[in-house]
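Taking it in order: structure first as structure tokens, then the write-up.
Since every read-out is calculated from the coordinates, none of them should be taken as a lab result. None of these values were measured; they are calculated from a predicted model. Note that we place each Cβ from the backbone using ideal geometry, even for glycine, and neighbour counts take in every protein chain shown.
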Amino acid sequence: METGIKKKVLNRLKRLEGQVRGLQQMVEKDTYCVDIITQSSAVRSALSSVENLMLENHLSEHVVHQIRGHQEKKAVQEILGVFRRAAKK
């Protein structure tokens with residue numbers, strides 16, 4: 001994994017870990033439902049940004065390597081697979 005992306009992913013995952021713990025505490029404290037939903041939405045958005053970074057890494061590293069190695073069909077299949085998963089969000 002590209003070093004810069006790896007660092008960004010790890011930082012975001014650590015932040016997400018704290019957000020999820022915060023959600024647990026909100027539920028334990030019977031926080032207002034809308035506030036919990038708002039925080040949950042922020043977690044979902046942060047997780048989506050992790051997925052985007054991983055996709056960026058995959059496309060710029062692995063797929064490029066496959067294309068250069070004359071594995072175009074495999075590269076296209078992977079890109080389409082990721083696209084289909086992303087479309088299901």
Cross-chain or 6+ apart pairs with Cβ under 8 Å, region 1-23 first and closer than 15 Å to Leu47 by Cβ and free of Cβ contacts under 8 Å to residues at least 24 places away in the same chain, then part of a helix (DSSP H, G or I) and not small (Gly, Ala, Ser)
Val20/Val43; Gly22/Gln39; Leu23/Ile36; Leu23/Gln39; Leu23/Val43
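Got at least one residue in region 27-37 being under 30 Å from Ala75 (Cα atoms), part of a helix (DSSP H, G or I) and of a type outside the set (D, E, K, R)? Spell out the reasoning first.
Just the residues of region 27-37 that are under 30 Å from Ala75 (Cα atoms), to begin with: none.
No, region 27-37 contains no residue that is under 30 Å from Ala75 (Cα atoms), part of a helix (DSSP H, G or I) and of a type outside the set (D, E, K, R).
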A careful count of residues in region 21-45 that are among the aliphatic types (A, V, I, L, M) and either under 22 Å from Ala86 (Cα atoms) or surrounded by 15 or more Cβ atoms within 10 Å (Cβ to Cβ) (or both) gives 5
Find the residue count for region 46-69, including only residues that are exposed (fewer than 11 other Cβ atoms within 10 Å of the Cβ) and more than 20 Å from Ile79 (Cβ to Cβ).
0
Residue that is farthest from the chain's Cα centre (by Cα), among those in region 1-13 that are surrounded by 10 or more Cβ atoms within 10 Å (Cβ to Cβ), of a type outside the set (A, V, I, L, M) and part of a helix (DSSP H, G or I)
Gly4
State whether the residues of region 45-62 include one that is free of Cβ contacts under 8 Å to residues at least 40 places away in the same chain, β-branched (Val, Ile, Thr) and in a helix (DSSP H, G or I).
no
